[in-house]
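Read through the structure below, which is laid out as structure tokens, and then see the notes.
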Amino acid sequence: MEFKMNESEPQKDQDQKDKPSGLMEKIQQLGQTNVPQLSQDSKIHCLTIVGQIEGHMQLPPQNKTTKYEHVIPQLVAIEQNPKIEGILVLLNTVGGDVEAGLAISEMIASLSKPSVSIVLGGGHSIGVPIAVSCNYSFIAETATMTIHPVRLTGLVIGVPATFEYLDKMQDRVVNFVTKHSKISEEKFKDLMFAKGNLTRDIGTNVVGADAVEYGLIDEVGGIGKAMKKLNELIDLKSGDKEEGMIQ
């Protein structure tokens with residue numbers, strides 16, 4: 001009687017040899033042997049807004065994007081999850097779709113849980129409303145925020161209704177920012193329509209401490225200060241809940 005070896009077994013062994021081990025994969029991808037992870041018991045969720053905020057149109061694959069259809073379900077899950085007590089929003093964005101950015105901003109602002117934002121490299125254009133949508137906002141000393149009027153890309157129909165629509169969209173952005181920060185509407189519009197600050201556009205590039213001085217951002221600081229402030233807000237909310245239960 002003859003026994004034939006299963007031909008798939010040597011192939012399987014070869015595939016396992018060719019496949020890098022978990023340790024080697026980490027070294028290849030991240031240049032380190034261990035990957036720091038948040039504890040399963042962590043009460044803080046970290047949300048990153050990076051690259052360009054993608055709206056109704058899909059951007060080319062080489063663009064680094066934040067897709068609003070990914071972010072909005074995350075925010076719903078954060079609101080529903082009783083284990084998450086606070087949210088930390090990290091921003092390094094060039095802006096993007098106005099309506100998508102405003103949708104994310106409104107979602108963050110309407111959360112019942114404490115939220116803190118940090119503008120790291122930049123929080124430009126529609127990134128400004130997202131930065132101010134949290135309960136408390138920080139900006140890195142070297143980070144920048146570009147404030148400029150709303151622009152349209154693609155086909156523009158040159159009729160009064162188009163410009164009226166653009167003006168109304170701009171008012172939505174201005175109203176949201178002034179409602180959720182300490183900056184006045186007059187000052188924000190002055191920064192938005194300033195000439196000579198940007199090379200090929202009107203507007204203002206605000207750096208670190210200037211954003212705090214204008215009342216746009218609450219404080220200059222990084223991750224340490226932001227985490228401390230978020231924990232303070234969480235403790236304050238927990239204290240209010242306990243007092244309510246005692247009464």
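Give a residue-ordered list of calculated ³J(HN,Hα) values for segment 204-215 (Karplus: 6.51 cos²θ - 1.76 cosθ + 1.60, θ = phi - 60°; whole Hz; x for Gly, Pro).
9, 9, 9, 10, x, 4, 5, 4, 6, 4, 6, x
In the structure displayed, which of Lys113/Lys179; Lys43/Lys187; Lys43/Lys67 lie more than 30 Å apart, Cα to Cα?
Pairs exceeding 30 Å: Lys43/Lys187.
Can you send over the solvent-accessible area of Glu54, 1.4 Å probe, protein chains only, in Å² to the nearest 10?
Accessible surface of Glu54 is approximately 10 Å².
Can you give the log10 of the normalised intensity I(q)/I(0) at q = 0.13, 0.15, 0.18, 0.20 Å⁻¹, computed with Debye over equal Cα scatterers of segment 91-247?
The computed values of log10 I(q)/I(0) come out as -0.63, -0.80, -1.07, -1.27.
The values are calculated or read from the model by the stated rules, or taken from the named source; none is laboratory data. Owing to the predicted nature of the structure, the values given are computational and were not obtained by experimental measurement. Areas reflect the complete protein model, heavy atoms only, side chains present, ligands, DNA and RNA absent. Shrake-Rupley method; radii C 1.70, N 1.55, O 1.52, S 1.80 Å.
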